[in-house]
Each structure stands twice: as C-alpha cells, then as structure tokens.
C-alpha cells in the first residue's frame, strides 16, 4: 500500500516509521529539517529544543516509548526522579507534602479530590479549574500543571481529559528525558523509515490534498502523487484549508499558547531530573534541567534549564517580559544567562 504523510514532525515520522515496514511510505515536510517542534538546534554550545522540553510523556514506560520501540527505534529514556516538585515560597515540596500546606478543612477537600480523581469519580462536564477552585492553592497547582503539560489554564481543560492524564500517570509514571534530546528521537525515526525503503522529502510544501473513495492525491510544485492512504500531521484547521476533507466535526479547536525560555547556568539551579512546578509565578508554570541526565545537551561546565510558561494575552513581548520577571524572582541573585 502507498502511504503519503503530510508533515515531518514527531507524529508524521512516528506514523511513517510504524507503517514503513509493510508499506511504501512518502513523507512531505515543507521545512528544510525534520522534527518540527520536537528536535534540537545547536546554539552557544547548548542543544536547544525547537518547542518540546527534551522530555517524553510517561518516560520509558509510556505510550510514546512503546511506539518508538515497536517501530524499531533505539532511544534510551531516563525516567524522572522525582516526577516533579512544587516551589512554594522558597522551598520545594513533593506532591503529597502539599496537603500539609493548607488548613484542615481544605486538606480534607484536597484528599477527597485526589482520591476521586484517581478513581475517575468526578463530574466530567466541568473544567479542571472548576474542580479545584474552592481551594486556592489547589487551583494554583492545577494551573501550573496544565500550563506546563498542555499550555492551557486549568479552566480551559475539561475534566475528562484530566481523568485520562491521571489514569496514564498512575499506570506509567511521570516523564523521562531521552539521551540525545528530542533530536535523537527524530534521527531514529528517520533512520527506520529510510532503512525500510521509505522516502522523506524536506523543503517540499504540500499545496493540496484530495481524497476520493479509494484513493488520495497529494499536490506539490513538482506535480501530483497518488496514494491508497493519506495521513495529515498538520493542524485540523490547516488540513481542512488545503483539502476536501471535513476534519472538525463540532466546535473549532482552541489553540494552546505557550512561551519557552532556555537558560544557561554554571550553578546547578535545579538539582534533579524531574519538573519543578512554579504555582506562585504569574506566567511561569515549570522548569526542568535535561542536562542533569545528558551532559551533552549543555556546554561543558554549564547546565541547560528550560522554562515553560502560559501566554495569556496577544502582546507576546509583554508576556515574555512577565515570564522573565518570574524567572528573576525565582532565581534571585543566581548567575544565569537567558539563551533564547
């Protein structure tokens, strides 16, 4: 079967690697490089990711790791330990310690919420923000988590999605760091596709997708190619715009918006390989230090810290300034450099 895949990001390459074993696969990527928001760019001796935070959801045991293994990719993933800490005041707390930071009445509420969430006994028609809003600290922690993981406020995330995230966490655990960063994953997927006889076309923009009953057609500047199956790794809106297929069936998807800041420092500002959540910051949601796992991600003698924040308003410059102010308050007099 001939398979055409539009978009050479993580999703497109993963689909291509899995299908290339038994099918004739062609991947179209408009950029001159592969990986989209899941690869590395060398900068000042560091390996900066293009969007992701050098982390794999649910680490070496999760669905992405399982699919990479099934595709034949050789990627070493080091699980986070601890999964995450929460910076409250000037101290870092584990998740279970947070329950002791509120009064008895709120502690009972939080314990009940945590138990119901683990069991899936929640009202799935409300948002995560509504679920947490009667305990101020819980809402701050929730915003920090959804901001880090989804680039969305807790009020924008439905509870059914949170229940699924919680289920996967209890099943597989927290995130992990791939040795070699995001680019190692992309390089392995590309290797598998090419070794299986697939083709990857970079710098090749798809202008139109046409789908009929038993055939699909991809149009580029070079002409038209026919496929038995077409997979789009573009956004739903862009897929609809260039094709004759209706992808969005009900309401239009709301795009998430986040800001990532890369930081270099001689000082080990984060001493573990998990996530440091920052519930008390205005925009900053969390940070990690992937070079604690893989020293090659930072220049010699330094550490690479990646900070992720929510973008709440359209004035991007002002939003970035707020994030930088959060970082300055968080690290105080520490000696660090904003890389990008």
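The values are calculated or read from the model by the stated rules, or taken from the named source; none is laboratory data. Keep in mind the model is a prediction, meaning the values are calculated, not measured. Don't worry about glycine lacking a Cβ; one is built from the backbone with ideal geometry, like all the others, and counts go over all protein chains shown.
Kindly indicate whether residue 246 is over 22 Å from the mean Cα position of the chain (by Cα), assigned to a loop (DSSP other than H, G, I, E, B), exposed (fewer than 15 other Cβ atoms within 10 Å of the Cβ) and without any contact (Cβ under 8 Å) to a residue 12 or more places away in the chain. Yes, satisfied. Checking residue 219 against (1) without any contact (Cβ under 8 Å) to a residue 24 or more places away in the chain; (2) more than 27 Å from the chain's Cα centre (by Cα); (3) exposed (fewer than 14 other Cβ atoms within 10 Å of the Cβ), which test does it fail? Among (1) without any contact (Cβ under 8 Å) to a residue 24 or more places away in the chain; (2) more than 27 Å from the chain's Cα centre (by Cα); (3) exposed (fewer than 14 other Cβ atoms within 10 Å of the Cβ), the lone unmet condition for residue 219 is (3).
Under the condition of being without any contact (Cβ under 8 Å) to a residue 60 or more places away in the chain, in a loop (DSSP other than H, G, I, E, B) and closer than 18 Å to residue 151 by Cα, the residues counted in the stretch 284-327 number 3. Has the stretch 83-102 got any residue that is assigned to a strand (DSSP E or B) and out of contact with any strand residue (DSSP E or B) (no Cβ under 7 Å at 6 or more places or on another chain)? Yes, the stretch 83-102 contains at least one residue that is assigned to a strand (DSSP E or B) and out of contact with any strand residue (DSSP E or B) (no Cβ under 7 Å at 6 or more places or on another chain).
Is it the case that residue 193 is crowded, with 22+ Cβ neighbours inside 10 Å, part of a helix (DSSP H, G or I), in contact with a strand residue (DSSP E or B) (Cβ under 9 Å, 6 or more places away or on another chain) and touching a residue at least 40 places away in the same chain (Cβ under 8 Å)? Judged against the criteria, residue 193 is a match.
Determine, yes or no, whether residue 123 is within 24 Å of residue 93 (Cβ to Cβ) and exposed (fewer than 15 other Cβ atoms within 10 Å of the Cβ). It is false that residue 123 is within 24 Å of residue 93 (Cβ to Cβ) and exposed (fewer than 15 other Cβ atoms within 10 Å of the Cβ). Filter the stretch 97-117 for residues that are touching a helix residue (DSSP H, G or I) at 6+ places or on another chain (Cβ under 9 Å) and surrounded by fewer than 13 Cβ atoms within 10 Å (Cβ to Cβ); which is farthest from residue 330 (Cα to Cα)? So, considering only residues that are touching a helix residue (DSSP H, G or I) at 6+ places or on another chain (Cβ under 9 Å) and surrounded by fewer than 13 Cβ atoms within 10 Å (Cβ to Cβ), the one farthest from residue 330 (Cα to Cα) is 111. Residue 140 - would you say it is modelled with pLDDT of 95 or more, part of a helix (DSSP H, G or I) and surrounded by fewer than 16 Cβ atoms within 10 Å (Cβ to Cβ)? No, not satisfied.
Please count how many residues of the stretch 221-240 are over 8 Å from residue 4 (Cα atoms) and touching a helix residue (DSSP H, G or I) at 6+ places or on another chain (Cβ under 6 Å). Qualifying residue count, the stretch 221-240: 2.
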